[in-house]
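Engineer: Just passing along the structure, written as structure tokens.
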Amino acid sequence: MIPLEWMPPLMFAGLIVFMLIGFPVAFSLMAAALFFSAIAISEGFFGMPFLQAIPQRIFGSVLANDLLLAIPFFTFMGAILERCGLAEEMLDSMGQLFGRVRGGLGYSVIIVGFILGAITGTVAAQVIAMAMIALPVMMRYGYNMRYATGVLAASGTITQLVPPSLVLIVLADQLKTQSGSADVGSMYLGAWGPSLLQIALFALYTFFLSRIRPDYLPAIPENELTLKGWALWKKCLLGIIPSAVLIFLVLGTIMTGIATPTESGAMGAMGALLLAWLRRASIPNLRRLIQEAYQNTMRITAMVVFILIGSTCFSVVYQGVDGGQWVEALFADLPGGWVGFLIIVNLFVFFLAFFLDFFEIAFIIVPMLAPVAVKLLSPVLLDSMNGNPQAAASAALVWFGVMLCVNMQTSFMHPPFGFALFYLRGVAPKEVKSSDIYWGALPWVGLQLIMVAVVIAFPALVTTLLDKPSAVVQSQEFNFTDSEETKSDSPSKVDEDAPVTFQLDKPVK
């Protein structure tokens, strides 16, 4: 006889065992769900009819989920822009613009990484493109190898946080509770503050390093800067303006409410195709480029859907053995209140990211933590949301989601599954040592963890741009009548001289 309270931790242990055997994550989730559902049925925790919820949830939450249609659109847009030559032109023009100062190439990589992150949304495409273009140039001018590899990997992972990040779309889909939910538009609005601050933090680190160790980040010799004056600014604008238009098509339409995330993703995909067509002279084979983009989109979308189906199976069985109550009891009684909860959760997610991809963390862990996050974080934001509890619940989920997104950036930067480091190793010249790539990533992981602490300490960084509805109102009755008439008349008597009752709305204090 297995006690019911043992089942949730046993399910996690079983999932780890299936993954260690070598099953893919999606099928490990399904296998763990079916294995422990058999145990739960035999122990009488729930009956066979309970499993009917699994196909219902798959069709309702996955196959019929319109929000998930945005993922292939944004993936296709990023795959097109990865290969159309826009990154090369922007890096070249920014390198010429900042090349005169120490660390100029580092600033260029950070800024172009931010711009590309706002139009591609995929880490792999960005890291590979930036490394192939910028790393040989940085090596030629004598940049420190650890700084060069670190800034390239970090500027690629900023794509995780900068809208229209796929991670934010997935988190918005998973952060749904009975008290509130986080929509994609709110997640995008909430992510802008941390995105800009993180770019400033990266640039500040580059500035201080250029002052402490000027030999690490030398300036480009004046005689090698071929563009000056208006010609230089013109080249910069030709790279930035098309990107800005595309960013508005994608993000502006979502945040102004003109289009849904799926519709804006479709406009972004069409905008990327148009941009590639306008630049067809510099693309060797446009037809081949589009074909490869379709294949990449199909591969990523299929992976996401299978993981989501597996996580749905796992989640249904997990809730059937009271896993939600177990998680709430585990995290709700932590010392330090909501601060202790956020510290423990972020440490937990940070260490999970050593072994799991962000999709897996989002689909498995986030739905379990969301109810606890609403319960503990809503009171913190109640005053800033004008005392509206529903708005505070939704804002708490946005704050929690953006915080996890900042944290999960590190999953691309640390071993053993730091995919940004793998991508960098794959395209870096042979003279670049793997040890330089791994050691070079550590300072940037530290900067990302500092960003997590900042988002915990200053929730307004996320919630400032969110809608703040007016306070909840309650009704209060006022009698406008003569006191003598009130005493003489019966409450049930109806006549023309009876007191008149008005209802006025009064804000809750």
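Engineer: Pull up the stretch 151-192, narrow it to residues that are hydroxyl-bearing (Ser, Thr, Tyr) and surrounded by fewer than 24 Cβ atoms within 10 Å (Cβ to Cβ), then point me to the one that is nearest to the chain's Cα centre (by Cα).
Structural biologist: Looking at residues that are hydroxyl-bearing (Ser, Thr, Tyr) and surrounded by fewer than 24 Cβ atoms within 10 Å (Cβ to Cβ), I get SER181.
Engineer: Follow-up question, since we're still on this one. Cβ-Cβ under 6 Å, sequence separation 6+ or interchain: first residue in the stretch 271-288 and in contact (Cβ under 8 Å) with a residue 12 or more places away in the chain, partner not hydrophobic (A, V, I, L, M, F, W, C). Which pairs?
Structural biologist: LEU275/PRO242; ARG279/GLY85; SER282/GLY85
Engineer: Restricting to the stretch 305-346, name every residue that is of a type in the set (A, V, I, L, M) and within 20 Å of LEU15 (Cα to Cα).
Structural biologist: Of everything in the stretch 305-346, those that are of a type in the set (A, V, I, L, M) and within 20 Å of LEU15 (Cα to Cα) turn out to be VAL305, ILE307, LEU308, ILE309, VAL316, VAL317, VAL321, VAL327, LEU330, VAL345.
Engineer: Checking the condition without any contact (Cβ under 8 Å) to a residue 60 or more places away in the chain and farther than 25 Å from HIS414 by Cβ, which residue from LEU352, LEU382, LEU369 passes?
Structural biologist: Selected residue: LEU382, the only one of LEU352, LEU382, LEU369 that is without any contact (Cβ under 8 Å) to a residue 60 or more places away in the chain and farther than 25 Å from HIS414 by Cβ.
Engineer: Then there's this: Just one of LEU197, LEU209 is touching a residue at least 24 places away in the same chain (Cβ under 8 Å), in the same structural domain as VAL109 (by TED's automatic domain parsing) and surrounded by 19 or more Cβ atoms within 10 Å (Cβ to Cβ); which is it?
Structural biologist: Answer to the selection: LEU209.
Engineer: Could you check, for the stretch 466-480, whether at least one of its residues is under 21 Å from THR159 (Cβ atoms), modelled with pLDDT of 50 or more and either assigned by TED's automatic domain parsing to the domain that holds PHE202 or in contact with a Ser or Thr (Cβ under 7 Å, 6 or more places away or on another chain) (or both)?
Structural biologist: There is no residue in the stretch 466-480 that is under 21 Å from THR159 (Cβ atoms), modelled with pLDDT of 50 or more and either assigned by TED's automatic domain parsing to the domain that holds PHE202 or in contact with a Ser or Thr (Cβ under 7 Å, 6 or more places away or on another chain) (or both).
Engineer: Name the residues in the stretch 118-166 that are part of a helix (DSSP H, G or I) and free of Cβ contacts under 8 Å to residues at least 60 places away in the same chain, would you?
Structural biologist: Within the stretch 118-166, ALA125, GLN126, ALA129, MET130, ILE133, ALA134, VAL137, MET138, ARG140, SER155, THR159 meet the criteria.
Engineer: Out of all the residues in the stretch 34-77, which are surrounded by fewer than 16 Cβ atoms within 10 Å (Cβ to Cβ) and not in a helix (DSSP H, G or I)?
Structural biologist: GLY44, GLY47, ALA64, ASN65
Engineer: Name the residue, out of LEU251, LEU275, that is at pLDDT 80 or above and surrounded by 15 or more Cβ atoms within 10 Å (Cβ to Cβ).
Structural biologist: LEU275
Engineer: Got at least one residue in the stretch 101-114 being aliphatic (A, V, I, L, M), at pLDDT below 75 and outside any loop (DSSP other than H, G, I, E, B)?
Structural biologist: no
Engineer: Can I ask one more? Test LEU217 against the stated conditions and say whether it is of a type in the set (A, V, I, L, M, F, W, C) and part of a helix (DSSP H, G or I).
Structural biologist: No: the conditions fail for LEU217.
Engineer: Shifting gears a bit: How many residues does the stretch 367-410 hold that are closer than 14 Å to VAL167 by Cα and aliphatic (A, V, I, L, M)?
Structural biologist: The qualifying residues number 6.
Engineer: Out of the residues in the stretch 298-348 meeting the condition of being part of a loop (DSSP other than H, G, I, E, B) and charged (D, E, K, R), tell me which one is surrounded by the most Cβ atoms within 10 Å (Cβ to Cβ).
Structural biologist: If we take residues in the stretch 298-348 being part of a loop (DSSP other than H, G, I, E, B) and charged (D, E, K, R), then ASP322 is surrounded by the most Cβ atoms within 10 Å (Cβ to Cβ).
Engineer: In addition: When the stretch 17-26 is examined, which residues are found to be surrounded by 13 or more Cβ atoms within 10 Å (Cβ to Cβ) and either of a type outside the set (Phe, Trp, Tyr) or modelled with pLDDT of 85 or more (or both)?
Structural biologist: Correct list: VAL17, MET19, PRO24, VAL25, ALA26.
Engineer: Here is a follow-up. Quick check on ILE364: is it assigned by TED's automatic domain parsing to the domain that holds SER37, surrounded by 20 or more Cβ atoms within 10 Å (Cβ to Cβ) and not basic (Lys, Arg)?
Structural biologist: Yes; evaluated as a whole, the condition is true for this residue.
Engineer: Determine whether the stretch 432-450 contains at least one residue that is modelled with pLDDT of 50 or more, outside any helix (DSSP H, G or I) and either more than 30 Å from THR149 (Cβ to Cβ) or out of contact with any strand residue (DSSP E or B) (no Cβ under 8 Å at 6 or more places or on another chain) (or both).
Structural biologist: yes
Engineer: Got at least one residue in the stretch 398-418 being part of a loop (DSSP other than H, G, I, E, B), over 17 Å from the mean Cα position of the chain (by Cα), farther than 30 Å from ALA32 by Cα and not aromatic (Phe, Trp, Tyr)?
Structural biologist: No, the stretch 398-418 contains no residue that is part of a loop (DSSP other than H, G, I, E, B), over 17 Å from the mean Cα position of the chain (by Cα), farther than 30 Å from ALA32 by Cα and not aromatic (Phe, Trp, Tyr).
Engineer: Sticking with this structure for a sec: Answer yes or no as to whether LEU29 is assigned to a helix (DSSP H, G or I), surrounded by 13 or more Cβ atoms within 10 Å (Cβ to Cβ) and either touching a strand residue (DSSP E or B) at 6+ places or on another chain (Cβ under 7 Å) or aliphatic (A, V, I, L, M) (or both).
Structural biologist: Against the criterion (assigned to a helix (DSSP H, G or I), surrounded by 13 or more Cβ atoms within 10 Å (Cβ to Cβ) and either touching a strand residue (DSSP E or B) at 6+ places or on another chain (Cβ under 7 Å) or aliphatic (A, V, I, L, M) (or both)), LEU29 qualifies.
Engineer: If THR149 meets every condition in (1) of a type in the set (S, T, N, Q); (2) more than 19 Å from ILE437 (Cα to Cα); (3) at pLDDT 85 or above apart from one, which number is that one?
Structural biologist: Of everything listed in (1) of a type in the set (S, T, N, Q); (2) more than 19 Å from ILE437 (Cα to Cα); (3) at pLDDT 85 or above, THR149 misses just condition (2).
Engineer: Looking at LEU20, LEU29, LEU4, which one is touching a residue at least 12 places away in the same chain (Cβ under 8 Å) and either over 15 Å from ILE364 (Cβ atoms) or in contact with a Pro (Cβ under 7 Å, 6 or more places away or on another chain) (or both)?
Structural biologist: Only one candidate passes the filter, namely LEU4.
The values are calculated or read from the model by the stated rules, or taken from the named source; none is laboratory data. Just so it is clear, the model here is predicted, and its values are computed rather than measured. All Cβ positions, even for glycine, are placed from backbone atoms using ideal geometry, and neighbour counts span all protein chains on display.
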